[in-house]
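K.L.:
Pasting a structure here, questions to come.
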Amino acid sequence: MNSNLQLIRSLFREIRHIASEGKIKDNIMVQYILEQARAHKETSETLCKAREELEYLAKTYNCYLSSQRAYNEIQTQYAGVGERSIRETADLVGFKLPHDPK
């Protein structure tokens with residue numbers, strides 16, 4: 001149960017990054033996740049195949065959301081803005097120009 005709670009929290013964390021609203025409870029994605037988690041709640045006596053499917057889907061969506069966030073960060077950092085100077089290119093890849101102090 002603890003791993004499922006961590007998975008839901010990580011999903012909410014990723015949704016918080018992309019959501020523009022102030023309250024996360026008002027987000028329709030959060031409401032849907034909570035509704036599905038409650039609907040597929042598992043008891044200690046039974047093992048539910050749908051619960052495993054729900055966990056797999058949650059992990060997949062979490063990976064997708066975190067990958068999208070990382071992609072957008074990389075895209076904004078390295079996006080081409082036209083021609084760069086030699087100094088900007090050297091700074092971007094971590095090199096120093098010969099006349100820079102070492």
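Rule-based calculations on the coordinates, nothing more; no lab input. Just so it is clear, the structure is predicted and the values come from calculations on it, not from any experiment. Don't worry about glycine lacking a Cβ; one is built from the backbone with ideal geometry, like all the others, and counts go over all protein chains shown.
K.L.:
Order of Ser3, Ser20, Ser67, Ser10 from fewest to most other C-beta atoms within 10 Å?
P.N.:
Ser20, Ser3, Ser67, Ser10
K.L.:
A further question follows. Based on the Cβ-Cβ distance from Ala39 to Glu73, what FRET efficiency comes out when R0 is 41 Å, to the nearest 0.05?
P.N.:
According to the calculation, E is roughly 0.75.
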